[in-house]
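Each remark here refers to the structure printed beneath this line.
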Amino acid sequence: MLTASICTIGDEILIGQVTDTNSAHIATALEEAGIHVNSMVSVGDSRDAIEGALKRELSSSDIVITTGGLGPTKDDITKAVLAEFSGSKGYKEDPGQLEMVHKILKGRGLDVLPINLAQAQVPEKAEVIVNKLGTAPIMVFRGLLGKASLYALPGVPHEAVGAIPAVLGDILAHFKPESIVHRNIMVYGIAESALSEKIAFWEDALPADMHLAYLPNTLTGIRLRLSAYGGEKEAQERRLEAKMEELKGIIGPLVYAGEDSTLEASVGKLLKERGETVSCAESCTGGEIAHLFTSVSGSSAYFLGSVTSYAISVKEKVLGVPASVIEENGVVSSEVAAAMAEGVRRLTGSTYSVATTGLADKDGDGKNPGGTVWIGVSGPRGTRTVTYLYKNDRARNIERFAASALNFLRLYMENQL
């Protein structure tokens, strides 16, 4: 199998000043092309550190992709290290990148300085893929440590991501990767460990060329990714589809999507297909559910609106929650969640509504411990409520409250409650 390593270069990454997003984009593209990523490493702007990383990664991978350290300033030393590492005796000017330097700087209304022109100078053993988004060229070194190829990309995120198609094109022109096929299903409402136990017998029986990965996320639940390596692509796709159908049958209604998706997108898809609508009444989630709904393109077709009823007075005056219900049961209760859901549904005229009331912080209210949420859903089949207890920090609790509310709404809509 064709393998690759990704190496990000820069002190700013190691001290946490800049988040490395380049590696994720590059890794995704490589995997989709059938190239298995062996490792990701980050090193600082030190000659020894860069050389050491290159030796390690080039000895264990067919392809190494670096990002960073190609700028015009003195702290950008990657090009000099690559010149020495590749055995280049000098530098050459690349006319394509030189033209791009002039074009970019002129377009920005900037003077072309000698330091900018030096960007088009590359080690003599480097091949160049012209960077059309910046002044630093994309350099290619072939046959390093015998067989490996190295692609040096700029570290600026939009330039690195923009370089991926051209780099992949060059890789595929020189290598023949085996196919890697992936299929995903999305699961919500079960812990990763419990899910692993539930499907252990199925996972243990997978063929040797298939691998199952568990990818948990607070807002989306668990993405199960089944991968097949090698073989004819269409045949592998059919095999994966059959295996995923088996898996769906085992997991049942915990599966909310047969592809890489989100709860808000899946609920929105159901609403759109049925020509139905939804509204929200949020207390402890503070608008998070509405935010998730409206983050989906086209959500105006089914999302009518939301009331962030944080104060008791708004619950009573806007949503019509009776003061007696709050007095008798407390704000964080099944009764209040139900009344909030019914109130916003009545107010907006939506087909369904979902409401949350709870305690996002760790402190309780004397009746409920911190991390408690009551969720209410109202629709054509009446009103249902459920409670959950999460022991996270405030921000994480709000995310889990919102995701649980969306999932509870999904189950109601699918007649699973």
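The values are calculated or read from the model by the stated rules, or taken from the named source; none is laboratory data. Just so you know, these numbers come straight off a predicted model, no measurement behind them. All Cβ positions, even for glycine, are placed from backbone atoms using ideal geometry, and neighbour counts span all protein chains on display.
Brief remarks on what is shown
- Those strands (runs of 3 or more DSSP E) of the stretch 1-90 in which at least 2 residues are more than 22 Å from A126 (Cβ to Cβ), considering only elements entirely within it, cover 36-43.
- Test for I190: is it farther than 22 Å from A29 by Cα, of a type in the set (V, I, T) and either modelled with pLDDT of 95 or more or outside any helix (DSSP H, G or I) (or both): yes
- Evaluation of I50 against the conditions (1) in contact with a strand residue (DSSP E or B) (Cβ under 8 Å, 6 or more places away or on another chain); (2) at pLDDT below 90; (3) farther than 21 Å from H158 by Cα shows that the sole unmet condition is (2).
- G252 being outside the structural domain of E32 (by TED's automatic domain parsing), crowded, with 18+ Cβ neighbours inside 10 Å and out of contact with any Lys or Arg (no Cβ under 9 Å at 6 or more places or on another chain): no
- Taking the stretch 385-415 as the range and being over 26 Å from the mean Cα position of the chain (by Cα), touching a residue at least 40 places away in the same chain (Cβ under 8 Å) and not in a loop (DSSP other than H, G, I, E, B) as the test, the residues that pass are T385, T387, Y412, M413.
- Selection of first residues in the stretch 319-342 that are under 13 Å from S283 (Cα atoms) and assigned by TED's automatic domain parsing to the domain that holds T385 and of second residues that are of a type in the set (A, V, I, L, M) and surrounded by fewer than 17 Cβ atoms within 10 Å (Cβ to Cβ), restricted to Cβ pairs under 8 Å at least 6 apart or on distinct chains, gives the following pairs, ordered by first then second residue: V331/I312.
- Against the numbered list (1) without any contact (Cβ under 8 Å) to a residue 24 or more places away in the chain; (2) part of a loop (DSSP other than H, G, I, E, B), C284 comes up short only at (1).
- Every residue from the stretch 59-71 that is surrounded by fewer than 24 Cβ atoms within 10 Å (Cβ to Cβ) and either under 16 Å from L168 (Cβ atoms) or more than 28 Å from the chain's Cα centre (by Cα) (or both): S59, S61, D62, G71
- Residue within the stretch 359-377 that is of a type in the set (V, I, T), touching an Asp or Glu at 6+ places or on another chain (Cβ under 6 Å) and in contact (Cβ under 8 Å) with a residue 60 or more places away in the chain present: no
- Within the stretch 202-215, the set of residues being assigned to a helix (DSSP H, G or I) and farther than 15 Å from E245 by Cα comprises D204 only.
- Candidate set: the stretch 287-319, residues that are outside any loop (DSSP other than H, G, I, E, B) and small (G, A, S); chosen: the one farthest from Y352 (Cα to Cα): S313
- Residue list for the stretch 148-176, restricted to those being free of Cβ contacts under 8 Å to residues at least 60 places away in the same chain and either under 15 Å from V101 (Cα atoms) or part of a strand (DSSP E or B) (or both): E159
- Taking the stretch 169-183 as the range and being of a type outside the set (K, R) and buried (at least 18 other Cβ atoms within 10 Å of the Cβ) as the test, the residues that pass are I171, P177, I180, V181.
- Some residue of the stretch 119-129 being surrounded by fewer than 14 Cβ atoms within 10 Å (Cβ to Cβ), touching a residue at least 40 places away in the same chain (Cβ under 8 Å) and of a type in the set (V, I, T): no
- Only a single criterion out of (1) under 30 Å from V332 (Cα atoms); (2) of a type in the set (D, E, K, R); (3) out of contact with any helix residue (DSSP H, G or I) (no Cβ under 7 Å at 6 or more places or on another chain); (4) assigned to a helix (DSSP H, G or I) is not satisfied by E264, namely (3).
- Residue within the stretch 93-101 that is closer than 25 Å to D20 by Cβ and of a type outside the set (S, T, N, Q) present: no
- Restricting attention to the stretch 10-24 and to residues that are surrounded by fewer than 18 Cβ atoms within 10 Å (Cβ to Cβ) and in contact (Cβ under 8 Å) with a residue 24 or more places away in the chain, the residue that is farthest from the chain's Cα centre (by Cα) turns out to be D11.
Table: residues versus (1) touching a strand residue (DSSP E or B) at 6+ places or on another chain (Cβ under 9 Å); (2) over 20 Å from E51 (Cα atoms); (3) in a helix (DSSP H, G or I).
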residue: L105; (1), (2), (3): no, yes, yes
residue: L117; (1), (2), (3): yes, yes, yes
residue: M139; (1), (2), (3): yes, no, no
residue: G146; (1), (2), (3): no, no, no
